[in-house]
1. Taking the criterion of being under 23 Å from HIS216 (Cα atoms) and under 14 Å from the mean Cα position of the chain (by Cα), would at least one residue in region 71-78 satisfy it?
2. Can you list residue pairs whose Cβ atoms sit under 8 Å apart, with the first residue in region 110-126 being over 13 Å from VAL150 (Cβ atoms) and in contact (Cβ under 8 Å) with a residue 12 or more places away in the chain and the second being among the hydroxyl-bearing types (Ser, Thr, Tyr) and open to solvent by 50 Å² or more (accessible area, probe 1.4 Å)? Count only pairs 6 or more apart in sequence or on different chains.
3. Are any of the residues in region 447-458 in contact with a Leu (Cβ under 7 Å, 6 or more places away or on another chain) and farther than 30 Å from LYS356 by Cα?
4. Quick one: GLY235 ticks every box in (1) under 23 Å from ALA349 (Cα atoms); (2) part of a loop (DSSP other than H, G, I, E, B); (3) more than 21 Å from the chain's Cα centre (by Cα) except a single one, so which number is it?
5. State yes or no: is SER276 buried (at least 23 other Cβ atoms within 10 Å of the Cβ), of a type outside the set (A, V, I, L, M) and within 26 Å of GLU375 (Cα to Cα)?
6. For region 198-218, what are the residues that are part of a loop (DSSP other than H, G, I, E, B) and modelled with pLDDT under 95?
7. What pairs come out if I take residues in region 238-253 that are on the phi > 0 side of the Ramachandran plot and pair them with residues that are in a helix (DSSP H, G or I) and open to solvent by 10 Å² or more (accessible area, probe 1.4 Å) whose C-beta lies under 6 Å away, six or more apart or interchain?
Amino acid sequence: MTYDLIVTNARVVTPGAADVALTDVGIKDGKFSELGTLDPAEAGTVLDAGGKLLYPGVVDVHQHWGIYNDLTDDANTESRASAQGGVTTGITYIRTGQYYLNRTGPYAEIFPDVLKQTDGHAYVDYAFHVAPILKRHIDEIPALISEFGVPSFKIFMFYGSHGLHGRSSKQESFLMLPDDESYDFAHFEFVMRGIQAAREDPRFAGFADAISLSLHCETAEIMRAYTKIVEDAGGPRDLAAYSASRPPHSEGLAITIASYLAHETELPNINLLHLSSRKAIEAAMMMQATFPHVNFRREVTIGHLVADISTASGLGGKVNPPLRPREDVEALWEHVLAGNFSWVTSDHACCKDEMKFGDPRDDVFTAKSGFGGTEYLLPGLISEGRRRGLSHGQIASLTSWNPAQRFGLFSKGTVAPGYDADFCLVDDTSSWTVHASDSESAQEYSPFEGFELSARVTDTYLRGSAVLKDGAVVGSPRGQYVRRPTALPAGE
């Protein structure tokens, strides 16, 4: 047979294209082989898309497997949820300290355990970003790149005096730091210098542009002060209170500091994560104008685009940075439509009910931060984006091509010959209601509960084989760990 699989009657979405194209798609050996009018007799299997949209597999580059649950369990359940959202590749964050593996030490010892705990358990392909928490981790950056295929790193700027969920005076125990080390602006500077040194290493000359640093931009000192103000004022301890306790100018200040440090250290590849407010994105655009030599990327999550402090379903919507008032959501959309965001992601962090909610249950300051949502990433963006004028091609760029290119997933992100045959079929003809009970995630609630969406992922294929068919996960886990950067497709 010429093809292993031919998909017929599909409206193919190409990143950046103005229109979709009704065409056939041929797949051979896990790669897209040909697009056009194809003979079904030349295929081992034929899939009739029934006029559905065929999107490139979503590359969800901000997930947190293992943050609250066993890493192996999350690799299974949360990758199943990923497939429900059309995600075929997820990149998850790993760091030392409390949560995740609840251990510290060199990544030379820890990262092999991370790979061992996930191997054979994921339904989609996956990779990792690594956070250099200890001083010795900076020295490990070249080895992480060369030995483990990890060229992307992260700084959590608010960990200076804030833990994961709120203010903390026990930074050392939270991050498991030695007595003579601290996690502060100086450490951030030295991380940047270490990454830039790796970019200049002759061993990595061929893919220096795939080496980057991501930052969670909030300012601990501002958050500590405003948390006290909000608590002292009394009133409901709800999502509005949490947003007020971590105000937007905290994001703006952190973005400004991070950007100047990038300028100082001559590190050009900076990713500003999950910007949640008008002040945050405006600060990011100001820094882009101020430092045009820095190759910034700007991220927004589907949660911050579709939910706000009033519409999210309860305190399950607590996340860092917080969900914001509706006016901030509208500001984010202004910048999405203006092309100022580089990609949309989920920030998926499965936090089960028993872990999420504290005592009392209606106090946002006792709740844990983060929630799942990868299963709603593409459906949510299509539903909300299309009604605002975002084209299918733009959506594919934001969910597949742009993040794949930034993070060295060069074999993924589009529907074209030579690329991995990762794709999903989307029914955009009927609406449906979000219910957490329908999700494959281990999380029993959703801040999106009751939301009406107008697009549904019905089928997801990884390297030409079905992971999701007619809305149900099928087969055994076949997701692979992806060492980055991947090779460019032949002819590229």
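1. Yes, that holds for at least one residue.
2. THR118/TYR481; ASP119/TYR481; ASP125/TYR481
3. Filtering region 447-458 down to residues in contact with a Leu (Cβ under 7 Å, 6 or more places away or on another chain) leaves 457-458.
Now restrict to residues that are farther than 30 Å from LYS356 by Cα: none.
No: zero hits.
4. Exception for GLY235: condition (1).
5. Criteria met by SER276.
6. Of the residues in region 198-218, the ones part of a loop (DSSP other than H, G, I, E, B) are 200-201, 211, 217-218.
Residues satisfying the conditions do not exist here.
7. From region 238-253, no pairs qualify.
Let's see how each residue does on (1) small (Gly, Ala, Ser); (2) within 23 Å of VAL59 (Cα to Cα); (3) surrounded by fewer than 19 Cβ atoms within 10 Å (Cβ to Cβ):
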| site | (1), (2), (3) |
| --- | --- |
| THR290 | no, no, yes |
| ASN295 | no, yes, yes |
| ARG298 | no, yes, no |
| ASP308 | no, no, no |
| SER313 | yes, no, yes |
| GLY316 | yes, no, no |
| GLY339 | yes, yes, yes |
| THR345 | no, yes, no |
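The values are calculated or read from the model by the stated rules, or taken from the named source; none is laboratory data. Values in this document were obtained by computation on a predicted structure and should not be read as measured data. Every residue, glycine among them, receives a Cβ derived from its backbone with ideal geometry; neighbour counts consider all protein chains shown. Side chains included, ligands, DNA and RNA excluded: accessible areas come from the protein's heavy atoms. Shrake-Rupley method; radii C 1.70, N 1.55, O 1.52, S 1.80 Å.
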